[in-house]
Structure formats: C-alpha cells, structure tokens
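Single-structure report; data block below.
The values are calculated or read from the model by the stated rules, or taken from the named source; none is laboratory data. Every value quoted in this text rests on a predicted model; they were computed, and no experiment measured them. As a convention, Cβ positions derive from the backbone with ideal geometry for all residues, glycine included, and neighbour counts pool all protein chains shown.
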Amino acid sequence: MASLFRDLSLGQSWRESTPSPPPKLQIQPPPPIMSVRPVAADLECPLGQLASHLTDSDLRSAAYEIFLALTRTSSAKPLSTAATTDPPNHHHNHLPHSPSSSSNSNSSPSLQRSLTSAAASKMKKALGLKSPGSGSKKSPGSGSGSGQGKSKKPLTVGELMKIQMRVPEADDSRVRRALLRISAGQVGRRIETVVLPLELLQQLKSSDFTDHQEFESWQKRTLKVLELGLLSHPRVPLDKSNPTSQRLRQIINAALNKQMETGRNNESMQILRSAVTSLASRSDGSSVLEVAHWADGIPLNLRLYEMLLEACFDVHDDTSIIDEVDELMEFIKKTWTVLGINQMLHNLCFTWVLFHRFVATGQVETDLLDAADGQLLEVAKDAKTTKDAEYSKVLSSTLTAIMGWAEKRLLAYHDTFDSRNSVTMQSIVSLGVAAAKILVEDISNEYRRRRKNDVDVARSRIDTYIRSSLRTAFAQASLYLSISALHLIYGRRRDKYKDIIFAVICLVHHFT
C-alpha cells in the first residue's frame, strides 16, 4: 500500500501557511467517578444503537459487573506474563463451593496474581504502539513509585481493571459482596449459566448503597440491561406475541415507574425470575457450553465489549495502551462466552476502538491509526471466510464509517494536509483504501460479478482522491482569481456593482 501511495503521489499542499496542530496535552488522571472516555463528535458508533438509552457510564458499569463475575471465579492456575491464545471456551468458570472459600480476599487467587509490568507487551509490539506517555509516565500497573524513592505494591489484574474502568471503590466492593452471596446460594453452578442482573437485583438492597436515589438509579439501569438483552436485542429472535416476553415487559415497565420490591418471596420478583429464566434459556444451538443468553445479542454485546476494550487505554494518557494489555486482554476474553463474542467480532471491535480513539483524541497519534490499519488485515481475512449475516452487517457499517471519515479528508486533501501534517496523510490513505477493498472485494456482489475484469480497488480509490482534490483546488483558485479580477476592474465602484460581482462569482464557482 505504501509503495502504491508513493507511485501515485498526491502532490504538495498549497496551504503552506496553515498553522501546525496544537501541541499534545498531557492529560492528568481524572477522579475515578467523574472520568468520561473521549468521544468523536463527527463519528456515530457503527456497532449499533441500543433500543433503550444507556449512557457510557451505565454500559461501563454493566460491563465491569460481567468482567468481575467471570474473572473473580476463574481457576487458581497462575497466568504467564505473556498473553495466551487459549479460546475462552476452555475456561470452565465455576462458582466457589462456599463464600468462605473467598472470604480472605476480594478476588480469587488468579485475579490476585501481580502483574509483571517490566515485561514488554507482545501485543503492543505487534501493533507498533508506544508506551504510555512515551516513556515519561508509568502505566497503572507499574511496580515502582515516581519521584518518591520507594517502591509500591504491584497491582493485580483485578485492581488494574478497576482503575482502567474508573470504577469507584464503593461500587467495586458492593458488586463483590453480591457475588459472594450469589455463590453461597448456587454452589457448583457455572457462572455462565447465571443471569447476572437478575441475581444482583435479588441480592442488593437499598442499604447496600450510599442513598436511596443511588439505589433507584442502579435498579433502573439493571432492569434496562435485562430489557435490552432479553427483549430488545436477544440472541435468538423473539416473537412479539410470546406471552413470557409480554409479561416481562409489563414487569419492567412497571418497575421503571415505581421501585420494585426484590425480596425472594415477593410475587413480582418471582414472576420476573420465571420470565427471565425462560427467555434466557432459549438457544440457537451454536453454543458448545450451556450459557444463559441475556447479553449476547447484537448490538448490546458489542457495546458492552467496546467498554471493556476501552479499558486497555491508559487513564493518564488517552492515546496510549497500557503495558499490561496482554495480561488484561486475556482476562477480557473470558467474557466471550457470556457476551457471545468470537475472534472475528473481537478483531472488528478492536479495530473500531483503535480508530475511534485516534479521532477522538485530536488525530495526533498516528500509531493508533497504523494499529487500526494493521488490525484491518485480520478483519480482511475474516471477511473472506465468514457467511454470518449479522457479522457482515456490522462489518459493513464499521468499514463504511471508517472509509467515510477518511474520504472527507482525502477527496479535498489540499484543505486537510500541509507540509507540517502530511505524515498523517499516508496512514489515512492506507486505512481508507484498506476499508474500501474489504467493502468492495469481500462484501460487494457487484464486484464478484465483475471480478474477471481485475478491478484494482486501491488504484481506483487513490485516483479518485487525486482527481477530486485537483478539481477542488482548481475551483478554489479560480474563485479567488475571479474575485481579485472583479475587485480590480470595478475598484471603488464595487458597491454599485455588487450584485453583478456576486452573480459572476457564483457562475465561476458552479462551472468549475
């Protein structure tokens, strides 16, 4: 791609006087409860819109509960420093036999294992990504202090994830207590078979929260997650006339308007449990293991997984991925069974997260763009082999969003790039062309019919960028010359002939 880009050079910019981009700011660590992830205003998330509104904070909290439930109950086998490639189906997570088995710590032994932050990340090396702060700062998992001359206790994976997902200590402790109560009542049951929001509703009371308002907000959010996962975006399509779904919808709607009593013997709670259990047990037969299907439907699962992947970025530096990403990613992948994620969806989501982070943080860290471009190579391989209609739909919307963003800058690249930021240009061209190739070669039926003609997608797109940009530059130059000439001709009488001048300018601009 780089050689093709050089062969069809896009020329020099005529906007040499354009000021350079503002210097990159060093982002200070935000208070855990107040932090918000960077958002690109001109990019709509292509992973899908949820039928019921949940904020990023709501999604992050729900994703953390899933992560904590699955990793807290992992086996005690120590992990290697480097990430392993074992698929998530190989991890059989069982609830502890009794709460006393975990009473001495908030996490299972595997979650308490300290990270070796000095080891280089294989994933970051493969993606060509820099360390947080370009070596000027330590990531949250660093083992030594900064400027105090004394060492700090290394963070565990669980502690690191709590920091990365900006989870307040009170929220983390509350969920852990609830998980211990759940394990006490369901000895030996695999956590994947548990509908987590339902059990949390049963276990957490108003007294577990700071105030009643916080409890009501949490309960409504939890009910919305159930509604989205079982009614709005179920893994298995749901017949609207299904009496169980109608009953569940009525209960949830009533609970959203008036606080629901969640005692074990409460009639509404018993009806809720019966409806939720019935709907979550429906399966399409694609899962090897027995799993409760309450969070594995698109787009809910993708949005939750997006929140987990966002946790790989350093809280002190929005443009950097933490050095412990290999270890953290291994634990994130333990959520695949509950979320219905596979390697193809992971590759696509991670590509989007890398690209979105580049755009949302001011488009200054080209390493992120290059990493997203590298991930597209894996996406391209997946696109050639899959026949999954839902995956293809998400793939198409994601690639269209990436290509659309790139082409806004490349179809008139003289307005976007100058001699000071032209280094970004090649990365954007490569990413845009890669997205276009997958869309055309692996998704487009028209391309398959015309494949014998050997359509060169890359050369065609770059040729389009060059021609479009030249036309735009010529039109702008013509307009500028026309205005200058008219002002020179009419001089001080331009007010008298301003309507004529305006008409001529419009005509020149239209025909060029």
**Study point:** Test result for P197, modelled with pLDDT of 50 or more and either closer than 19 Å to A311 by Cα or touching a Gly at 6+ places or on another chain (Cβ under 6 Å) (or both)
**Key:** no
Study note, to complete from the structure: Scanning segment 338-396 for residues that are surrounded by 23 or more Cβ atoms within 10 Å (Cβ to Cβ) and basic (K, R) gives R357
Check your understanding: Does A292 meet the test of being in the same structural domain as A69 (by TED's automatic domain parsing), in contact (Cβ under 8 Å) with a residue 40 or more places away in the chain and within 21 Å of R181 (Cα to Cα)?
Key -> yes
Practice item. Could you tell me which of the residues E227, E214 is within 14 Å of T277 (Cα to Cα) and among the acidic types (D, E)? Key: E227
Revision key, fill the gap. Residue count, segment 253-262, condition outside any loop (DSSP other than H, G, I, E, B) and of a type in the set (V, I, T), comes to 0
Point to revise | Residue, surrounded by the fewest Cβ atoms within 10 Å (Cβ to Cβ), within segment 202-237, restricted to residues that are of a type in the set (A, V, I, L, M) and under 27 Å from the mean Cα position of the chain (by Cα) | key: V236
Exercise for review: Give the residues of segment 256-297 that are modelled with pLDDT under 90, under 33 Å from the mean Cα position of the chain (by Cα) and among the small types (G, A, S), sorted by residue number.
Suggested key: S283, G285, S286, S287
Review point. Mind checking whether some residue in segment 180-194 is crowded, with 17+ Cβ neighbours inside 10 Å, assigned by TED's automatic domain parsing to the domain that holds T71, touching a helix residue (DSSP H, G or I) at 6+ places or on another chain (Cβ under 9 Å) and of a type in the set (D, E)?
Key: yes
Check your understanding: When both residues are 6+ apart or on different chains and their Cβ atoms are under 8 Å apart, which pairs have a first residue that lies in segment 220-237 and is not assigned by TED's automatic domain parsing to the domain that holds L200, and a second that is surrounded by fewer than 17 Cβ atoms within 10 Å (Cβ to Cβ) and assigned to a helix (DSSP H, G or I)?
Key -> none
Exercise for review: Those residues that are under 23 Å from I298 (Cβ atoms) and hydrophobic (A, V, I, L, M, F, W, C), I need them from segment 361-403; list them, please.
Suggested key: A372, L376, V379, A380, A383, A389, V394, L395, L399, A401, I402, M403
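Listed here are the residues, each with its yes/no results for (1) touching a helix residue (DSSP H, G or I) at 6+ places or on another chain (Cβ under 7 Å); (2) at pLDDT below 90; (3) among the charged types (D, E, K, R).
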residue	(1), (2), (3)
L368	yes, no, no
L399	yes, no, no
E407	yes, yes, yes
L411	yes, yes, no
A435	yes, no, no
S460	no, yes, no
R471	no, yes, yes
Check your understanding: Somewhere in segment 241-252, is a residue under 20 Å from I191 (Cα atoms), basic (K, R), modelled with pLDDT of 90 or more and part of a helix (DSSP H, G or I)?
Key -> no
